[in-house]
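Structure, as structure tokens:
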Amino acid sequence: MVSSVADYRLAARRRLSRLAFDYLDGGAEDGDALKRNTDAYKQWLFKPRVLKDVSICSAATQFFGREAAAPMIVGPTGLNGLFWPRADELLAQAASRAGLPFALSTASTSLLEDVRAAAPQGDLWMQLYVQQDRGIAEDIMRRASAAGYSTLLLTVDVPVHGKRDHDTRNGFKLPLRLTPKLIADCMMHPHWSMQMARSGSLQLKNIAKSVGERADLSRHSAMLSRQMDLNLGWTDLDWVRAHWTGKVIVKGVMSADDATLALKHGADGIVVSNHGGRQLGSTFAPVEVLPGIVDAVGSDMTVLVDGGVRRGSDALKAVALGASGVLLGRAPLYGVAANGLAGAAGVLALMMDEMLIAMRLLGCQTLADLGPAFIGNANDVVNHGLHCRT
């Protein structure tokens, strides 16, 4: 019986090859930032109110004027076809059916137009990496706008790719090569191996289409890993605006100073993010720096956060700290890797149910009832207690 995101993670681990699971699950270097992301939520504890009427309870909210069933977005993650065929399309379908936005990665293995066809009524967002050849980003923005994507997530924390020891150990390199180690790995995971064989080789289809070339995973993955635009700066938000008429969110902000600069340069919102702990091996968790960033800009722009959200109650903690919502990365990936569309939908339903349970236990009918008074940091309590005893 699957009862938590952790259960879906175990199911994904059993089904996927070691190479694929480590790519999904691993972080940079020793994984310290990845672990800190999840552990940080455990330091924030609820302070519930009682004898409140919670006969009616709703987690509904809005993102830029569009209704959402909960303060969650299925966030952008790359190379998802490694976990299940057409995974990007399945994740978009699951999000749409749940009433949540879905953000597609530049490094997707499905065309953005195919994702739109899979979720015709969904609120779709487009994540953007900017490479040295800015014509690629310009074409992706044009195509996404034509396909009805509402919001652009400009990712700014990947001038170079972080060092991921697990990928080095596994010999992870695109396109995948059948080494003796990978063959042995595949034999241990026959269901995943057969699916991958039937679905054909992975391709970064959006990059290929915008480059105007035939599919060439080796070339296009190299473009992402080694040809990012290292000159990208705050003033380039004007360039983005020239090619995108929808909302623009800057993803990868970890300081109040950068949040203020994003506001100054016209961003509609930010995502407080350390890229799921996959870039810098040692950094604060986003939820740790969230309160200071909200204090700096929270009333003037939309502040979202990602990294480490594994429970619906984690999303509520972020909202109580001032975020408008959270982006889900690994959680729905565990679902789709475990059981395709049913798994992705199961994770979202589970997290939404956990959110409503927590809201009722907190004494909140709506998200508007939730605020800083409902949450405290365990470290503050411990430090205060030690101070009082001295």
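Since every read-out is calculated from the coordinates, none of them should be taken as a lab result. None of the values given here were measured: they were computed from a predicted structure. Positions of Cβ are backbone-derived with ideal geometry, glycine not excepted, and every protein chain shown enters the neighbour counts.
Taking each residue as 0.36 nm, the span from Ala349 to Arg14 lengthens on full extension beyond its C-alpha to C-alpha distance by 118.4 nm. Remark: the chain carries a charge dipole of roughly 1020 debye about the Cα centre, counting +1 on each Lys and Arg Cβ and -1 on each Asp and Glu Cβ. Within straight-line reach of Lys247, meaning a Cα separation under 16 Å, sit the following lysines at least 8 residues removed in sequence or on another chain: Lys264.
Assuming 0.36 nm per residue, please report the length gained on full extension of the stretch Asp39 to Gln121 beyond their Cα-Cα distance.
That works out to 25.9 nm of additional length.
Listed by chain and number, the aspartates and glutamates whose C-alpha is less than 19 Å from the C-alpha of Lys52, apart from same-chain residues fewer than 8 away, are Glu354, Asp369. Available extension along the chain between Asp300 and Asp114 is 63.5 nm, counting 0.36 nm per residue and deducting the alpha carbon span. Straight-line reach from Lys163: taking Cα to Cα under 19 Å and skipping same-chain neighbours fewer than 8 places apart, the aspartates and glutamates in range are Asp22, Asp25, Glu29, Asp30, Asp32, Asp229. Here Asp369, Asp157 are placed in order of increasing Cβ neighbour count within 10 Å, fewest first, which gives Asp369, Asp157.
First select every other residue whose beta carbon is under 13 angstrom from the beta carbon of Asp53; then total the charges, Lys and Arg +1, Asp and Glu -1.
Working: positive: Arg49, Lys52, Arg360; negative: Asp369.
Result for the local shell: +2.
If you take every DSSP beta bridge whose two residues both sit in the chain, what share of them, in percent to the nearest 5, is antiparallel? Kindly include the intermediate steps, with their values, before the conclusion.
Numbers: 7 of 34 bridges.
Approximately 20 percent, going by the DSSP bridge assignments.
What is the local net charge at Leu176, summed over the other residues whose Cβ is closer than 14 Å to its Cβ (Lys, Arg +1; Asp, Glu -1)? Before the final figure, lay out the partial values.
Numbers: positive: Arg18, Lys173, Arg177, Lys181; negative: Asp22, Asp167, Asp185.
Combined, the nearby Lys, Arg, Asp and Glu give +1.
Under 5 Å between amide hydrogens, built in the peptide plane, is the criterion, and for Met72 it picks out Val326 among residues at least 5 positions away or on other chains.
In the chain, the calculated helix contribution to ellipticity at 222 nm averages -14500 deg cm²/dmol per residue, counting -39,500 (n - 2.57) for every DSSP H run with n ≥ 4.
List the DSSP H helices in the chain whose Cα atoms stretch 24 Å or more along the helix axis and whose mean Kyte-Doolittle hydropathy is at least -0.5. Kindly include the intermediate steps, with their values, before the conclusion.
Working: long enough: 330-362 (33 Å, 1.14).
The qualifying helices are 330-362.
With all projection directions averaged, the alpha carbon convex hull of segment 5-389 covers 19.5 nm².
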